[in-house]
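So the structure is just underneath, and the comments pick up after that.
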Amino acid sequence: LTLENHLRQALERQQLHLVYQPQFAIDRRRLVGCEALLRWQHPEQGLISPARFIPLAEETGLIVEIGRWVLDEACRQAAAWLAAGTPLRVAVNVSARQLGQPDWLAEVEAALARHRLPSCWLELEVTESTLMEDAEQAVRHLQAFKERGIHLAVDDFGTGYSSLTYLKRFSPDLIKIDRAFVMNLPHNRDDAAIVSAIVQLAEALGMQTLAEGVESEEQLDFLAQAGCDVVQGYLTGRPQNAAELTALLATSR
Ligand code: G
Ligand code: G
Ligand code: MN
Ligand code: NA
């Protein structure tokens, strides 16, 4: 079997699952959301990284079907946390290919309705490069999501062209500062300047900022000084299964 067929089978046989990485307010006290990340538990090969199979899924178009499942599963989990009295916003990664599907908006609405999940508990993460593609369908979809109160985040910010025109046009709720700029904080002066500038720009435009890949107290201190709002990284929590995140929710509110 090719990897593509394996992946198709994995979807059918429910070998895909989601893990959730916590996102904390910069003071580390409040859990403000989580990012749903796809995992493939292969019976023989073990855990296969999305870095390996997402590009394949995008090439083959299988990402549409996988993305549909991810969306449904994330909404189901968010609705469960809401019903338990511990609501938490769940962020879902959306690829350019998905946004280009004419029925994607209807699918998002159907998933929210199916799980009776108010739209404010769902966040869609779109990479900067997806925005830059400027496909008409994608543009219309992003605007419709905003109108419906679904949160919008720009992922991997700073690694593409970082067009300010696109920031202005889509006015996302959240800018996710790429790990590449966080990694060498606080000592790298260029990165420190870049991160500070992104935070100030976001603030001026009324957007929040999240720093990705935060691994040390030193990085966290710098980000707090700079005025960053939210952190996500190994320091505050690895991607974990739903049960583990449920336990974390019980202790961090
Ligand atoms: O969690 P991890 O570092 O292994 O993720 C690797 C990459 O795979 C990240 O860039 C992440 O955005 C992407 N990814 C993880 N889950 C999904 C998903 O459900 N859909 C899409 N399109 N990308 C995902
Ligand atoms: O592209 P995206 O931002 O969706 O990718 C998130 C990826 O980053 C996930 O695969 C996740 O496992 C990984 N990740 C999350 N926190 C950290 C961190 O603190 N350090 C490193 N090296 N990777 C991280
Ligand atoms: Mn992401
Ligand atoms: Na990212």
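What follows draws every value from the coordinates through simple rules; no lab data is involved. Not measured: the values here are computed from a predicted model. Please note: Cβ atoms are built from the backbone with ideal geometry, for glycine as well, and neighbour counts cover all protein chains shown.
General remarks:
- Using θ = phi - 60° in the Karplus curve 6.51 cos²θ - 1.76 cosθ + 1.60, the 3J(HN,Hα) couplings for region 74-83 round to 5, 5, 4, 5, 4, 5, 5, 5, 5, 5 Hz; x is entered for Gly and Pro.
- When you count the other C-beta atoms within 10 angstrom of each residue and take the mean per peptide, 154-161, 16-23, 196-203 line up highest first as 16-23, 154-161, 196-203.
- When you restrict to C-alpha pairs under 8 Å that are six or more residues apart and normalise by the size of the chain, the relative contact order lands at 20 percent.
- Label point 7 Å beyond Cα of R13 along Cβ direction - residues of region 38-80 with amide nitrogen under 16 Å: 40-48
- C120 versus R148: modelled label distance in nm, points set 7 Å from Cα along the beta carbon direction: 1.7 nm
- Size descriptor, Kirkwood hydrodynamic radius, that averages inverse alpha-carbon separations across region 1-59, Å: 13.1 Å
- Spin-label pair A84/S252, simplified geometry with 7 Å Cα→Cβ offset, distance in nm: 1.4 nm
- Taking a sphere under 12 Å around the Cβ of W104 and counting the other residues whose Cβ falls inside, with K and R at +1 and D and E at -1, yields a net charge of 0.
- Nearest 10 degrees, 0 to 90: helix 242-251 Cα axis against the chain principal axis: 40 degrees
- From largest to smallest, the equivalent ellipsoid semi-axes obtained for region 125-253 from the alpha-carbon gyration tensor read 25, 21, 13 Å.
- Global geometry of region 1-149, whether rounded, prolate or oblate, following the gyration tensor of its Cα atoms and the 1.5 cut on a/c: oblate
- Under the Karplus curve 6.51 cos²θ - 1.76 cosθ + 1.60, θ = phi - 60°, whole-Hz ³J(HN,Hα) for region 174-191, x wherever Gly or Pro sits: 9, 10, 9, 6, 4, 3, 4, 8, 8, 3, 9, 6, x, 6, 6, 5, 5, 5
- Cα-based shape type of region 120-162, given that a ≥ b ≥ c are square roots of the gyration tensor eigenvalues and the cut on a/c is 1.5: oblate
- Global geometry of the chain, whether rounded, prolate or oblate, following the gyration tensor of its Cα atoms and the 1.5 cut on a/c: rounded
- Counted charge near P172, where neighbours are those whose Cβ lies closer than 11 Å (Asp, Glu -1; Lys, Arg +1): -1
- Helix-only arithmetic for the chain: the sum of -39500 (n - 2.57) across DSSP H runs with n ≥ 4, divided by the residue total, places the mean residue ellipticity at 222 nm at -14500 deg cm²/dmol.
- If you take all other residues with their beta carbon under 14 Å from the beta carbon of E217, and give Lys and Arg +1 and Asp and Glu -1, the sum is -3.
- Dipole moment magnitude, nearest 20 debye, region 97-211 about Cα centre, only Lys, Arg, Asp, Glu C-beta charged: 240 debye
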